[in-house]
Amino acid sequence: PVERAGDEFIAHGEEAAYKIGRLIDPVAVEVRTIRLNGRLGSIQKWRTDLKDRFDFAGLDLSDLTTLDIEQIQREHVVDWLISNHDGHAKQFLRGRDGEVYGIDKGQAFKFLGKDSLSIDYHPNRACGEQEPYYNMVFRAAKAGKVQFDPAVTLRHIQEVEKISDDAYLAMLRPYAEGRFGGDQAGLKHFYDQALARKHNLRRDF
């Protein structure tokens, strides 16, 4: 997508989300910023190796495989880290080889500091969007309908913890500077919040 003038920082957010995700999942779908006709946007690598049912929309939760759930847990860690709460059932691609790819993270950091790691948190309800798929999966787990291993979540948290603060902020910088411009107080507050989210990831989960 090519962003509206003033919203171009969103494209940098999508690229930052990919760069962060790639450190946890080396086969994350590549996303890059691109300038087209003077406007900045993002471009995503095309996948042709998808299942006929290429996302989770309409799929019975009882049909999720252990591998599906483990990869959903991975994406949950990434999306909480970057405060992306738009991960509904259509925001995942399902490869024929069993890989699950989280896509469209354009809402990265939109709700940072106002969000909640809860199976009921759904900030996009107001605009008629589906709730985050994680809410559905973990409500089903709470009801005993699906099983998941918390150690899998911990393993992905540990991968995030390996990323240095300097490297993490470097990945966020194009987004942050595009969003806050010359607002140095706003920029510092964002960096502080982003690092706090990273540092508290294990405690939060």
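The values are calculated or read from the model by the stated rules, or taken from the named source; none is laboratory data. Because the structure is predicted, anything quoted here is derived from the model rather than measured. Note: ideal-geometry Cβ built from the backbone for every residue, glycine included; neighbour counts use all protein chains shown. Ligands, DNA and RNA are excluded from the accessible area calculation, which covers all protein heavy atoms including side chains. Shrake-Rupley method; radii C 1.70, N 1.55, O 1.52, S 1.80 Å.
Across the options VAL100, LEU195, TYR121, the greatest Cα extent toward the positive end of the charge dipole of the chain (unit charges at beta carbon of Lys, Arg, Asp, Glu) belongs to LEU195. Size of region 30-92 from its Cα atoms: along the principal axes, largest to smallest, the extents are 47, 29, 17 Å. In terms of distances greater than 24 angstrom between alpha carbons, the cross-link table entries LYS51/LYS105; LYS90/LYS198; LYS45/LYS142 yield LYS90/LYS198; LYS45/LYS142. Pair-distance distribution P(r) for the chain, from all Cα-Cα distances in 10 Å bins starting at 0: 8, 35, 38, 16, 3, 0 percent. Relative contact order of the chain: 24 percent, from C-alpha pairs under 8 Å at least 6 residues apart in sequence. At q = 0.25 Å⁻¹ the log10 of I(q)/I(0) for region 143-205 amounts to -1.04, computed by Debye summation with a single uniform scatterer per C-alpha, solvent ignored. The residues of the chain present an accessible area of 51 Å² per residue when probed at 1.4 Å with all protein chains retained.
In this structure the amide hydrogen of ILE34, modeled in the peptide plane, comes within under 5 Å of the amide hydrogens of GLY41, SER42, ILE43, none closer than 5 places in sequence on its chain.
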